[in-house]
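Here is the structure we will look at, set down as structure tokens.
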Amino acid sequence: MTSNSFKLAPSILSADFGDLRTALDYCKDGGAHWIHIDVMDNQFVPNLTIGPPVVQSLRPYTDKFLDVHMMVIEPEKLVEPFARAGADGITFHVEATDDPPAVINLIRSTGKQVGISLKPGTPLSAIEPYLDQVDLVLIMSVDPGFGGQGYLPGSTDRIAELKARLNELCLDGVIIEVDGGVKLNNARKIVTAGGDVLVAGSAVFGTQDPTKTIKDFYAI
Ligand code: DX5
Ligand code: ZN
């Protein structure tokens with residue numbers, strides 16, 4: 001990934017759940033690479049969103065990479081259902097399990113992309129032991145649970161710190177995904193710091209013209 005290229009992953013959490021097919025059309029017409037699917041269980045985070053049946057319903061209508069972000073306890077129980085439903089990438093939270101390698105191996109066994117995520121308050125050291133086992137690290141730049149929050153100060157430094165560490169470990173192929181409060185006016189600094197994939201929910205689906213907004217992101 002060159003320094004000025006990145007992938008946008010619009011989060012459908014901020015889309016109209018009564019018309020998700022239109023959200024898929026926006027992503028297609030806008031040229032988004034991924035579609036970010038926020039899974040919340042009202043246990044790990046104080047919100048409840050969608051599960052495997054919605055992914056299964058969306059799958060036939062898009063060839064985009066379906067990027068499932070599991071903000072759930074017992075993530076191991078949902079890996080295979082999401083894989084069967086058509087997820088392309090499955091990301092779990094390091095805080096949600098006492099056995100991250102088991103969850104990593106389970107996702108790996110399904111053939112899907114393996115992602116690990118951490119809340120803003122969790123030190124990067126918590127994921128260090130697993131960096132050589134995953135395909136992606138999802139850096140939360142908001143406290144997980146809701147769209148439309150503000151990008152937390154210090155997130156950009158964390159991205160740069162993770163990027164430097166991955167380079168030191170010769171793991172520069174690990175994807176850095178950044179999630180929460182990403183806007184047109186901070187996307188460039190996030191990419192420059194090391195963000196490879198940027199999640200944008202309200203910044204895309206909260207606008208009058210999501211298709212145009214997606215194109216605007218790719219033009220930063
Ligand atoms: C928050 C989710 C994010 C969120 C992003 O827990 O993981 O993906 O939907 O929404 P915005 O871009 O509006 O912060
Ligand atoms: Zn997310």
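Summary of computed values
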quantity: Residue count for the range 160-188, restricted to those that are away from ligand 2 (no atom under 16 Å from the Cβ) and part of a loop (DSSP other than H, G, I, E, B); calculated: 9
quantity: Qualifying residue in the range 153-163 (condition: within 16 Å of ligand 1 (Cβ to nearest atom), touching a Phe, Trp or Tyr at 6+ places or on another chain (Cβ under 7 Å) and over 15 Å from Pro75 (Cβ atoms)); calculated: no
quantity: Residue match in the range 200-211 (condition: within 9 Å of ligand 1 (Cβ to nearest atom) and part of a loop (DSSP other than H, G, I, E, B)); calculated: yes
quantity: Within the range 1-50, considering residues that are farther than 21 Å from Gly148 by Cα and of a type in the set (Gly, Ala, Ser), the one farthest from ligand 2 (Cβ to nearest atom); calculated: Ser3
quantity: Qualifying residue in the range 62-72 (condition: more than 16 Å from ligand 2 (Cβ to nearest atom), open to solvent by less than 30 Å² (accessible area, probe 1.4 Å) and modelled with pLDDT of 95 or more); calculated: yes
quantity: Top-ranked residue of the range 1-46 - restricted to ones that are in a loop (DSSP other than H, G, I, E, B) and of a type in the set (Gly, Ala, Ser), ranked as modelled with the lowest pLDDT; calculated: Ser3
quantity: Residue within the range 64-76 that is among the aliphatic types (A, V, I, L, M), part of a helix (DSSP H, G or I), more than 13 Å from ligand 1 (Cβ to nearest atom) and within 24 Å of Glu128 (Cα to Cα) present; calculated: no
quantity: Enumeration of residues in the range 196-213 that are in contact (Cβ under 8 Å) with a residue 40 or more places away in the chain, over 12 Å from Val182 (Cα atoms) and not small (Gly, Ala, Ser); calculated: Asp196, Phe205, Pro210, Thr211, Lys212, Thr213
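Residue by residue, here is whether (1) among the hydroxyl-bearing types (Ser, Thr, Tyr); (2) in contact with a Pro (Cβ under 6 Å, 6 or more places away or on another chain); (3) closer than 22 Å to Trp34 by Cα holds:
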| residue | (1), (2), (3) |
| --- | --- |
| Leu78 | no, no, yes |
| Pro81 | no, yes, yes |
| Arg84 | no, no, yes |
| Phe92 | no, yes, yes |
| Glu95 | no, no, no |
| Val103 | no, yes, no |
| Gly111 | no, no, yes |
| Gly115 | no, no, yes |
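The values are calculated or read from the model by the stated rules, or taken from the named source; none is laboratory data. In this text the structure is predicted, and so the values were computed from the model without any measurement. Glycine also receives a Cβ, built like all others from the backbone with ideal geometry; neighbour counts cover every protein chain displayed. For accessibility, only protein heavy atoms count, side chains too; no ligands or nucleic acids. Shrake-Rupley method; radii C 1.70, N 1.55, O 1.52, S 1.80 Å.
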